[in-house]
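Notes for the one structure printed next.
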Amino acid sequence: MTEPTGPVGWGILATGKIARTFAADLALVEDAHLVAVGSRTEASARTFCDEHGGRPLGSYAALAADPEVEVVYVASPHALHLEHVRTLLEAGKHVLCEKPLTTRLEDAETMVALAHEHDRFLMEALWTACHPVVRTVAEGVRSGRFGTPRHLHAELGFRVDAGPGDRMLDPALGASALLDMGVYSLTIAHLLLGEATDLTARAALSDRGIDLDVAITGTYPGGALATLTASMTSWSSRSASLATDLGRLDLTDFHHPTAATYTPYDVGAEQGAGVVRAEPVDLVAESEPVIGRGYAHEIVEVGRCLRAGLRESPLVPWRQTLTLMRQMQGLIDEAGIAVG
């Protein structure tokens, strides 16, 4: 397969809710187009294509064999990722795989090895790392613009009302608050603070052993601390806040920020008193415009990498993906979480 010179031809594997959101954002990217959609049944693929375009295919094998498909977005349940990505890589397709890449570290390592072996592009679809607002915030933190980071708090949770066979609650499909939501909290901490030096977790488990709620504490370079939570039972603020020695960063919907501000402080006359030094800075206004729901930035990054002949993205490199998977594996083992 040669590197694309025109619009990148995409395939989508699976037809669930996230695949539909991804397809809507794909339509907003000028140099990308949807070629085909693979599902376990042609009827499901046809219904999807009636709404979003592309050719319906009644199997994942047919999608892997389609000569017009250059790269495939994998939107199947976590526990099936390795099987599906292996099929695609062996067929010569480039792959963007929904987060988390897998449910176990060893499977993630296998997937990266397969990408090496077949000389194909592979990227975890972690839209947070590609989001222009997050990138602006992270660049500012790294440059020292906001001061020295001391404490990050990030929480992401919502109530899941679903049957026991739903992928959000079935351990055989990789159900886990940590894998589904906690990965975002760990990612924002990694992007803003660096690689954790120590992590610990406590979880509230279901009667099937999956974590419905999880709380993580972490130590990061320079002695920075993080408190991170994820939940499938309750409504969180979906926000993140980073306290520094010069002020505070606040992100609303931090995994795909709808608002981000930096508020600088001066030390007050009384011990412990903080005085706002200036008006909060709107970091969204400093960023590139957000395309669609935000998934489009993954699509743009994949296209950029393919045209440059890259096999991994500098925004979501394999090392970062494996580091976060290693962290989650350690937390899963510590908290006694059942993962399929």
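The values are calculated or read from the model by the stated rules, or taken from the named source; none is laboratory data. Keep in mind that what you see is a predicted model, and the values were worked out from it rather than measured. Cβ placement follows ideal geometry from the backbone for every residue including glycine, while neighbour counts extend to all protein chains displayed. These area figures cover heavy atoms from the full protein model, side chains too; ligands, DNA and RNA do not enter into them. Shrake-Rupley method; radii C 1.70, N 1.55, O 1.52, S 1.80 Å.
Some values worked out for this structure:
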read-out: Helical mean residue ellipticity (222 nm; -39500 (n - 2.57) per DSSP H run of 4+; nearest 500) of the chain; value: -9500 deg cm²/dmol
read-out: Top positive-direction residue, dipole computed over segment 1-63 with Cβ charges, set L13, T41, A27; value: T41
read-out: Label point distance in nm, R319-L246, each placed 7 Å from Cα along Cα→Cβ; value: 2.7 nm
read-out: Coil-residue chymotrypsin sites (Phe, Trp or Tyr not before Pro) of segment 202-309, DSSP, other Cβ within 10 Å capped at 13; value: W235
read-out: Calculated FRET efficiency for the pair A65/H116, C-beta based, R₀ 22 Å, to 0.05; value: 0.45
read-out: Label point distance in nm, R159-R142, each placed 7 Å from Cα along Cα→Cβ; value: 4.1 nm
read-out: Accessible area of V300 in the full protein assembly, 1.4 Å probe (Å², nearest 10); value: 70 Å²
read-out: Shape category assigned to segment 1-102 from the gyration tensor of Cα positions, a/c cut at 1.5; value: rounded
read-out: Candidate residues F48, F158: accessible-area rank, largest first, probe 1.4 Å; value: F158, F48
read-out: Portion, in percent, of the accessible area of the chain that falls on carbon or sulfur, probe 1.4 Å; value: 52 percent
read-out: Mean separation of Cα contacts under 8 Å, 6 or more apart, over the residue count of segment 73-167: relative contact order %; value: 23 percent
read-out: Computed over segment 39-188, Kirkwood Rh from alpha-carbon pairs, angstrom; value: 17.6 Å
read-out: Anisotropy class of segment 197-340 from Cα gyration tensor, a/c 1.5 cut; value: oblate
read-out: Largest-first principal axis extents of the Cα set of segment 174-275 (Å); value: 54, 30, 25
read-out: Of A162, A75, A129, the one that fluctuates the most in a GNM where the chain has Cα springs shorter than 10 Å; value: A162
read-out: Accessible area of E70 in the full protein assembly, 1.4 Å probe (Å², nearest 10); value: 40 Å²
read-out: Average projection area in nm² (convex hull over Cα atoms of the chain, one quarter of hull surface); value: 17.3 nm²
read-out: Percent of Cα pairs exceeding the 15 Å cut-off, where the set is segment 298-340; value: 55 percent
